[in-house]
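*Asks:* Dumping the structure here so I can ask a few things about it.
The values are calculated or read from the model by the stated rules, or taken from the named source; none is laboratory data. All of these numbers come straight from a predicted model, not from anything done at the bench. In this analysis, Cβ positions are derived from the backbone assuming ideal geometry, glycine residues included, and neighbour counts consider all displayed protein chains.
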Amino acid sequence: MQNTERPFFFADADEALFAVLHMPKNAKPRQGIVLCHPFGEEKLWSHRVYVNFARRAAELGMAVLRFDFRGHGDSAGHSEDYGAECYLEDIHTAVAQLRLDCPTLESIDLLGLRFGAALASQYAARHDGIRHLMLWEPIVSGEKYMQELLRINLSTQLAVYGKVRDNREKLVEKLAAGEPANVDGYLISHDFYDQCGKIDLLTSAKSRLSGKALVVQIAPNIKQKDRPEFVQLSEHFTSSDFLKVEEPAFWREIKPYTSTTTTLVPETLSWLEQHNGS
């Protein structure tokens, strides 16, 4: 019997979430993982890495649920209709769905990349029932991340119009007035901007993990200095590990398309196997 991959929709019909459930040869897995994808175009570029991680984890006997947040991928809705709180609700729904589909599970872990990692961490701080938390290159400061997204809009204006028509202050003003801002083709609302801007993983409540957290810095060169915010985040958890791996920024549009990783996925799965009994 080979690993199975079952695509399906779940949650309310009007706001259905699309998912793929990766099941191991063992039809009664004890460990489960819910994957939380990054925002917008970063989801697109990192998609293949997520797929390959899920397949490798299933080969190791784990059940993995990959799903699309509302307004992303094949899930219902438009990105401008949702904020961080809605995405946290989606994670809650996905965790419940994985438990429903796999009643033999003894534990559920969360894994996220960039904004998906920030959401996973926020969820684990609010809810019991999560064992391990794996954070790939997490967004630590939501405020800085919002500025990053606005810079993308400014760059697009330069490319399209040859100049910046609406500066950062004007964009924020328009958001407050109810006009969404375009970020690489994804519209964001004032709710999204406001809720995400308040995220600060270094000051948020400590997670309720029953296991450990893994904070991963993804660097183009392994000799790159440890990012202070990642080290601090690792220390924020009661029990955690900090890991630095050498990989290209596969969540961005870069010349070499990355379908898998040489160290990130193997090292993460190795860490997970080491702590599967905890």
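*Asks:* Starting from region 54-81, keep only residues that are under 17 Å from Pro38 (Cβ atoms) and modelled with pLDDT of 95 or more, then list their pairs with residues that are among the basic types (Lys, Arg) and surrounded by 23 or more Cβ atoms within 10 Å (Cβ to Cβ) whose Cβ atoms are within a distance under 7 Å, requiring at least 6 positions of separation or different chains.
*Replies:* Cβ pairs passing all conditions: Ala54/Arg66.
*Asks:* Being exposed (fewer than 14 other Cβ atoms within 10 Å of the Cβ) and hydrophobic (A, V, I, L, M, F, W, C) is the filter here, so list the residues in region 10-37 that pass it.
*Replies:* Within region 10-37, Ala13, Ala27 meet the criteria.
*Asks:* Quick one: Arg165 ticks every box in (1) more than 16 Å from Trp251 (Cβ to Cβ); (2) surrounded by 17 or more Cβ atoms within 10 Å (Cβ to Cβ); (3) in contact with a helix residue (DSSP H, G or I) (Cβ under 8 Å, 6 or more places away or on another chain) except a single one, so which number is it?
*Replies:* Of the numbered conditions (1) more than 16 Å from Trp251 (Cβ to Cβ); (2) surrounded by 17 or more Cβ atoms within 10 Å (Cβ to Cβ); (3) in contact with a helix residue (DSSP H, G or I) (Cβ under 8 Å, 6 or more places away or on another chain), the odd one out for Arg165 is (2).
*Asks:* Another one. Taking region 151-165 only, how many residues are under 14 Å from Tyr193 (Cβ atoms) and in contact with a Lys or Arg (Cβ under 9 Å, 6 or more places away or on another chain)?
*Replies:* So the answer is 2.
*Asks:* Please give the number of the condition Val49 fails out of (1) farther than 26 Å from Val140 by Cβ; (2) surrounded by fewer than 21 Cβ atoms within 10 Å (Cβ to Cβ).
*Replies:* (1)
*Asks:* Of all residues in region 99-154, which are β-branched (Val, Ile, Thr) and either surrounded by fewer than 15 Cβ atoms within 10 Å (Cβ to Cβ) or assigned to a strand (DSSP E or B) (or both)?
*Replies:* Thr104, Ile108, Ile130, listed by residue number.
*Asks:* Can you work out which of the residues in region 199-239 that are assigned to a loop (DSSP other than H, G, I, E, B) and aliphatic (A, V, I, L, M) is surrounded by the fewest Cβ atoms within 10 Å (Cβ to Cβ)?
*Replies:* By that ranking, first place goes to Ala205.
*Asks:* Can you name the number of the only condition in (1) under 30 Å from Thr156 (Cβ atoms); (2) assigned to a loop (DSSP other than H, G, I, E, B); (3) in contact with a His (Cβ under 8 Å, 6 or more places away or on another chain) that Leu187 fails?
*Replies:* (2)
*Asks:* Going through region 218-264 one residue at a time, which ones are touching a Pro at 6+ places or on another chain (Cβ under 8 Å) and closer than 17 Å to Ser141 by Cα?
*Replies:* Those that are touching a Pro at 6+ places or on another chain (Cβ under 8 Å) and closer than 17 Å to Ser141 by Cα: Phe230, Leu233.
*Asks:* For region 155-172, give me the residue count where each residue is farther than 17 Å from Gly185 by Cβ and either assigned to a helix (DSSP H, G or I) or in contact (Cβ under 8 Å) with a residue 40 or more places away in the chain (or both).
*Replies:* Selection size over region 155-172: 4.
*Asks:* Let me ask something else about it. How many residues does region 240-251 hold that are in a strand (DSSP E or B) and of a type in the set (Asp, Glu)?
*Replies:* Summing the residues that are in a strand (DSSP E or B) and of a type in the set (Asp, Glu) in region 240-251 gives 2.
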